[in-house]
Protein chains: 2
Amino acid sequence: MEQHDVVEVIHAKRDGGRLSDSQIDWVIDAYTRGGVADEQMAALAMAILLNGMDRAEIARWTGAMIASGERMDFSSLSRPTADKHSTGGVGDKITLPLAPLVAACGVAVPQLSGRGLGHTGGTLDKLEAVAGWRATLSNDEMMRQLEDVGAVICAAGDGLAPADKKLYALRDVTGTVEAIPLIASSIMSKKIAEGTGSLVLDVKVGSGAFMKNIDDARELAATMVALGQDAGVNTVALVTDMATPLGLTAGNGVEVAESVEVLAGGGPADVVELTVALAREMLAGAGRDDVDPADVLASGKAMDVWRAMIRAQDGDPDAPMPTPKETHVVAAPSSGVLTRLDALSVGVASWRLGAGRARKEDPVQAAAGITWHARPGDSVVEGAPLFTLQTDAPERFARALESLEGGYDIAPAGTPFEAAPLVIDRLS
Amino acid sequence: MEQHDVVEVIHAKRDGGRLSDSQIDWVIDAYTRGGVADEQMAALAMAILLNGMDRAEIARWTGAMIASGERMDFSSLSRPTADKHSTGGVGDKITLPLAPLVAACGVAVPQLSGRGLGHTGGTLDKLEAVAGWRATLSNDEMMRQLEDVGAVICAAGDGLAPADKKLYALRDVTGTVEAIPLIASSIMSKKIAEGTGSLVLDVKVGSGAFMKNIDDARELAATMVALGQDAGVNTVALVTDMATPLGLTAGNGVEVAESVEVLAGGGPADVVELTVALAREMLAGAGRDDVDPADVLASGKAMDVWRAMIRAQDGDPDAPMPTPKETHVVAAPSSGVLTRLDALSVGVASWRLGAGRARKEDPVQAAAGITWHARPGDSVVEGAPLFTLQTDAPERFARALESLEGGYDIAPAGTPFEAAPLVIDRLS
């Protein structure tokens, strides 16, 4: 590999130029090995955030991160594979019903997931509310479960894109998270290294999402779709609403319970809608558009896969969700129509109740979370419960309640209300 | 002191906002104490480089760096004080004749100097070519010498602006040196903390300088003059040419010898011109514009102060300069008029001969350097010496000669030549 001077690489991007393939390969490799220091990569990340990277640079950067570690290979499986990635939102439990649903339709789902940081929840944190369930599998266990059950949700191993792991931790503490080239390459390096045959991206937009405006969300979606296609992964992105939280719950155990309701044929309409929409995309990407996931969901087969998937990872699908030490009910202050429920307010409240973490080494509470008893468009009655907050640490209620202040609007009964579309755009 | 979240501080500057006084005070203090990590400050420095700081932010940043350490106080001296700072150039030995000249005019000169890094020489490196001379003085020794001799050139103690020391080392390895707010605050925090009553800045512009174009040089000069005035230091800046190296020598011992020639009433005209011009500004700043430094230079009194200053720091003013192990002469390839001599080419050649260092812990050679036997406008004769290179490490000649290639132009005899002005602008 050609050697470079790190200060010259930083200068190139700082001064608005593009990085050469050789500079990108070298800087990612040297950073992974410790030859480029954290402070040097932090300066480069800030220069990338402010000056951008073109499509070829982002593709090379992603490729260099993939090359920093191992690649998985699912080609020996008897079924095609499809995976989904969400950029993160509030109440976004979709992976939980989606993975077993797609597996029940005949497509294997190798879902390598993460833990939550900040106000967006983490899929693994949610599943750990299930008694006995373990997030860590060996590669062999994962392959066997994909063949036998068809769906795996587990922690990504340390071997996939270690450069991304190191860089993500650095960006988190240096104010350089919000760079579209770095977000796109971080997500896609892991997904491409994971070896899925097709991929559906759920790019969230709105107050509770990482991307606050539609233009940024579309740019991120387009960048990731291009990266996937360039790497030979059949990739589609849906841009979906995250101004309002998904479903009726945010937290850990509460979101598992809601997901099980969906698998049982019930659950909130928006969670069902998005689960089915994403399942259709995954099936189409894997060449199985002959199956209608709505029918399969209604048949109960997805629930069977869910139970098998939980059992395969030592979880008890019949165990009740953990009970919180304390609950606190917020009554509706007036009667009328709920016209707005802000995803960020709800997400921060859930985080402050103990469902999320501030630092990656912090624990989370399985029983912490929040349930809202109405969605925008629903009627509310003064004095009836509007939110139920739960936590094992009642001193957390005060700050969670602060976050909910101003986070919703109730209009007089009869005020016209038009729901915003859940799926805003599709890029392929 | 109000506490802040470092990521929020980085975000504010990253997103093009201004930092509050409280954020600046906190981040500088926390960085000095280790509560803000190098990678966080590197990201902030890159954001400052790319998004800038306004005058009030730069002033507060400078003030916070001053507050990170001790301040000196020369008010007990019987004479007013004046100091000079050069942004660095090639052959820039001006401090050596200037400090004793101004002292001989009745104004005390507390000149805290640095060592060279890269192709620009360092005043302390040059003076260390004088047998026995020591750069490090206690504060008491410095005060006594200022009272007795009137001039001190010594190393800045670790106590002045420790935040700047740490930040400068970080910027050097993270590609964030070339930020005018950070350059200005770095220089001025040390000069204001040093406690000089008046200050003259020599802002160099041209190939051999840090600032390559006049607009950047003027902006840096104006920023520093404003900082000085805001802090109550009578501050003036001259913007001077560094497209051509100063005098006829670059290196260590060779520049000391040239400086002594100037003090003896001889020496190259440009070195004399700039020394006298800067002396006039320093004297005016200290309220002594009744004295003409050109007369004092001619009187020999400045040489007396030089000898006393060298002796006070254990140096022998009569010791010959160290002799290099090897010299190499470059003959003029044609006869005619030297129309261009590039400061950067000469500076890099001197550096490569061993007069400068690549890393701050490297040693320098006292005898290494380069002498040119003609200045732009002078006649040259084919085959006569044009450059004399000297070093203790003859393997260094080849790369030094490479640097000189293309670094000068000889035009046919009689070609009209107009010298560029040495002092380009004055800001006060």
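The values are calculated or read from the model by the stated rules, or taken from the named source; none is laboratory data. A quick note: this is a predicted structure, and the numbers were derived from the prediction, not measured. Backbone-built Cβ (ideal geometry, glycine too); neighbour counts: all protein chains shown.
Some notes on this structure:
- Helices (runs of 4 or more DSSP H) (entirely within the stretch A:152-253) containing at least 1 residues that are basic (Lys, Arg) and either within 29 Å of A:Glu70 (Cα to Cα) or without any contact (Cβ under 8 Å) to a residue 60 or more places away in the chain (or both): A:162-174, A:180-194
- Within the set B:Ala64, B:Ala129, the sole residue that is modelled with pLDDT of 95 or more and within 30 Å of B:Lys13 (Cα to Cα) turns out to be B:Ala64.
- Remark: A:Lys93 falls outside the filter, which requires a residue to be in contact with a helix residue (DSSP H, G or I) (Cβ under 7 Å, 6 or more places away or on another chain), among the basic types (Lys, Arg) and within 14 Å of chain B (Cβ to nearest Cβ).
- Residues of the stretch A:4-35 that are more than 15 Å from A:Pro162 (Cα to Cα), within 12 Å of chain B (Cβ to nearest Cβ) and either modelled with pLDDT under 95 or out of contact with any Gly (no Cβ under 6 Å at 6 or more places or on another chain) (or both): A:Asp5, A:Val6, A:Val7, A:Glu8, A:Val9, A:Ala12, A:Lys13, A:Asp15, A:Gly16.
- Filtered by the rule that a residue be of a type in the set (Ser, Thr, Tyr) and in contact with a strand residue (DSSP E or B) (Cβ under 6 Å, 6 or more places away or on another chain), the stretch A:245-297 gives a lone residue, A:Thr249.
- Of the strands (runs of 3 or more DSSP E) lying entirely inside the stretch A:296-387, the ones with 2 or more residues being closer than 25 Å to A:Ala398 by Cβ and within 21 Å of the chain's Cα centre (by Cα) are found at A:369-372.
- Index of the failed condition, A:Ala419 passing every other in (1) within 23 Å of A:Ala217 (Cβ to Cβ); (2) surrounded by 21 or more Cβ atoms within 10 Å (Cβ to Cβ): (2)
Yes/no per residue for (1) crowded, with 24+ Cβ neighbours inside 10 Å; (2) within 20 Å of the chain's Cα centre (by Cα); (3) without any contact (Cβ under 8 Å) to a residue 60 or more places away in the chain:
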{"residue": "B:Asp92", "(1), (2), (3)": "yes, yes, no"}
{"residue": "B:Pro100", "(1), (2), (3)": "yes, yes, no"}
{"residue": "B:Ala104", "(1), (2), (3)": "yes, no, no"}
{"residue": "B:Gly114", "(1), (2), (3)": "no, yes, yes"}
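- Selected residue [within 14 Å of chain A (Cβ to nearest Cβ) and under 25 Å from B:Ala250 (Cβ atoms)] from B:Gly122, B:Gly132, B:Gly118: B:Gly118
- Counting residues in the stretch B:292-301 that are surrounded by 14 or more Cβ atoms within 10 Å (Cβ to Cβ), β-branched (Val, Ile, Thr) and touching a His at 6+ places or on another chain (Cβ under 9 Å) gives zero.
- Condition check for B:Asp362: assigned by TED's automatic domain parsing to the domain that holds B:Ser334 and not aromatic (Phe, Trp, Tyr): yes
- Selection from the stretch B:41-93 of residues that are among the polar types (S, T, N, Q) and in a helix (DSSP H, G or I): B:Asn51, B:Thr62
- Selected residue [touching a Pro at 6+ places or on another chain (Cβ under 9 Å), small (Gly, Ala, Ser) and farther than 16 Å from B:Asn252 by Cβ] from B:Ser379, B:Ser334: B:Ser334
- Assessment of the stretch A:361-372 against the conditions (surrounded by fewer than 16 Cβ atoms within 10 Å (Cβ to Cβ) and among the aliphatic types (A, V, I, L, M)) yields no matching residue.
- When B:Val173 is tested against (1) away from chain A (no Cβ under 14 Å); (2) surrounded by fewer than 21 Cβ atoms within 10 Å (Cβ to Cβ), exactly one condition is not met: (1).
- Residue tally, condition within 15 Å of B:Phe74 (Cα to Cα) and outside any loop (DSSP other than H, G, I, E, B), over the stretch B:99-147: 15
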